[in-house]
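S.K.: This is the structure I want to talk about, given as structure tokens.
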């Protein structure tokens, strides 16, 4: 539940049918703005193309996506591209397919096949990676707790991603989202010097403030 598949980098693919050329580019993206920037990039890269069709999917869920047929018959371009993204389970990805018209109309089925195949080739030309969904924990404490906190972090093999030692100490951890409740219990128990079974949702360590987010 904490992980999902993403592209490891950019890739490209090209499909030809009856003189028309379909040039597909795949880009890793994290936001809609980044995704739409890819469309503008391809409009500049392929000014002779009348159609720059695309699909993107963002994040770990299934609700952040968009398709665009950019003037092609409805459902013949964006949806087939998205279908290839979903076929391999990718997210945080944008695919734009730019079409060079070859003089022969391909028909609905021909267009669907062409956009699908171009997207598929771009995906197959690249590689994938795994993104972990994380949550940050910020620990603030007085220096009297420095020893117990550092000992607990070492004992639980937790690495600090940020630290600030000013008037009070502050350290930040980044944990896989699903492990936060159990790790938080173990952390409080280790700092307080009690058994983890003694730690419930209301348990607090005097002098220690923990924020999630």
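The values are calculated or read from the model by the stated rules, or taken from the named source; none is laboratory data. What you see is a predicted model, and the numbers here were worked out from it, not measured in a lab. Neighbour counts run over all protein chains shown; Cβ positions are idealised from the backbone, glycine included.
S.K.: Just to be sure before I move on: is residue 55 crowded, with 19+ Cβ neighbours inside 10 Å, at pLDDT 95 or above and in contact with a helix residue (DSSP H, G or I) (Cβ under 8 Å, 6 or more places away or on another chain) in the structure I sent? Step through it out loud before you land on a result.
M.R.: Numbers: crowded, with 19+ Cβ neighbours inside 10 Å: yes; at pLDDT 95 or above: yes; in contact with a helix residue (DSSP H, G or I) (Cβ under 8 Å, 6 or more places away or on another chain): yes.
Yes: the conditions hold for residue 55.
S.K.: Follow-up. Tally the residues that are loosely packed, with under 15 Cβ neighbours inside 10 Å, on the phi > 0 side of the Ramachandran plot and either touching a strand residue (DSSP E or B) at 6+ places or on another chain (Cβ under 9 Å) or part of a loop (DSSP other than H, G, I, E, B) (or both), restricting the search to segment 89-123. Working first, answer last.
M.R.: As a first pass, look at segment 89-123 and keep what is loosely packed, with under 15 Cβ neighbours inside 10 Å: 89, 101-105, 107-109.
Retained after the next criterion (residues that are on the phi > 0 side of the Ramachandran plot): 89, 103, 107.
Keeping just the survivors that are either touching a strand residue (DSSP E or B) at 6+ places or on another chain (Cβ under 9 Å) or part of a loop (DSSP other than H, G, I, E, B) (or both) gives 89, 103.
Number of matching residues: 2.
S.K.: Separate question: Kindly provide the set of residues from segment 47-88 that are within 20 Å of residue 105 (Cβ to Cβ), part of a loop (DSSP other than H, G, I, E, B) and in contact with a strand residue (DSSP E or B) (Cβ under 6 Å, 6 or more places away or on another chain), ordered by number.
M.R.: Across segment 47-88, the qualifying residues are 49, 69, 70, 71, 72, 77.
S.K.: Which of the residues that make up segment 15-33 are surrounded by fewer than 17 Cβ atoms within 10 Å (Cβ to Cβ) and either within 12 Å of the chain's Cα centre (by Cα) or within 18 Å of residue 81 (Cα to Cα) (or both)? Full working, then the answer.
M.R.: Quick first cut of segment 15-33, residues surrounded by fewer than 17 Cβ atoms within 10 Å (Cβ to Cβ) only: 16-19, 30-33.
Within segment 15-33, 16, 17, 30, 31, 32 qualify.
S.K.: Is it true that some residue in segment 130-146 is part of a helix (DSSP H, G or I), loosely packed, with under 14 Cβ neighbours inside 10 Å and free of Cβ contacts under 8 Å to residues at least 12 places away in the same chain? Before the answer, list the steps.
M.R.: Initially, segment 130-146 is screened for residues part of a helix (DSSP H, G or I), giving 143-146.
Narrowing further to those that are loosely packed, with under 14 Cβ neighbours inside 10 Å: 143-144, 146.
Still in the running and free of Cβ contacts under 8 Å to residues at least 12 places away in the same chain: none.
Looking through segment 130-146, none of the residues is part of a helix (DSSP H, G or I), loosely packed, with under 14 Cβ neighbours inside 10 Å and free of Cβ contacts under 8 Å to residues at least 12 places away in the same chain.
S.K.: Residues to consider are 43, 87, 27; find the one that is over 18 Å from residue 121 (Cβ atoms), modelled with pLDDT of 95 or more and in the same structural domain as residue 122 (by TED's automatic domain parsing).
M.R.: Working: 87 fails: over 18 Å from residue 121 (Cβ atoms); 27 fails: over 18 Å from residue 121 (Cβ atoms).
Of the residues listed, the single one that is over 18 Å from residue 121 (Cβ atoms), modelled with pLDDT of 95 or more and in the same structural domain as residue 122 (by TED's automatic domain parsing) is 43.
S.K.: Continuing with the same structure: Residue check: is residue 163 under 30 Å from residue 3 (Cβ atoms), without any contact (Cβ under 8 Å) to a residue 40 or more places away in the chain and either in the same structural domain as residue 58 (by TED's automatic domain parsing) or in a helix (DSSP H, G or I) (or both)?
M.R.: Details: under 30 Å from residue 3 (Cβ atoms): yes; without any contact (Cβ under 8 Å) to a residue 40 or more places away in the chain: yes; either in the same structural domain as residue 58 (by TED's automatic domain parsing) or in a helix (DSSP H, G or I) (or both): no.
Taking the combined requirement at face value, the residue does not satisfy it.
S.K.: Now for a separate question. For the structure I just gave you, tell me whether residue 38 is under 24 Å from residue 100 (Cβ atoms), in a helix (DSSP H, G or I) and either out of contact with any strand residue (DSSP E or B) (no Cβ under 6 Å at 6 or more places or on another chain) or at pLDDT 95 or above (or both). First the steps, then the outcome.
M.R.: On the way: under 24 Å from residue 100 (Cβ atoms): yes; in a helix (DSSP H, G or I): yes; either out of contact with any strand residue (DSSP E or B) (no Cβ under 6 Å at 6 or more places or on another chain) or at pLDDT 95 or above (or both): yes.
Yes; evaluated as a whole, the condition is true for this residue.
S.K.: Here's something else I'd like to know. Of the residues in segment 166-203, how many are surrounded by 12 or more Cβ atoms within 10 Å (Cβ to Cβ), part of a loop (DSSP other than H, G, I, E, B) and at pLDDT 95 or above?
M.R.: Matching residues across segment 166-203 total 3.
S.K.: Sticking with this structure for a sec: Using the structure shown, decide if residue 153 is surrounded by 13 or more Cβ atoms within 10 Å (Cβ to Cβ), part of a strand (DSSP E or B), modelled with pLDDT of 95 or more and not assigned by TED's automatic domain parsing to the domain that holds residue 9.
M.R.: no
S.K.: For residue 171, indicate whether it is under 29 Å from residue 1 (Cβ atoms) and within 26 Å of the chain's Cα centre (by Cα).
M.R.: Values: under 29 Å from residue 1 (Cβ atoms): yes; within 26 Å of the chain's Cα centre (by Cα): yes.
In short, yes.
S.K.: Out of (1) surrounded by fewer than 17 Cβ atoms within 10 Å (Cβ to Cβ); (2) in contact (Cβ under 8 Å) with a residue 12 or more places away in the chain; (3) not in a loop (DSSP other than H, G, I, E, B), the odd one out for residue 44 is which?
M.R.: (2)
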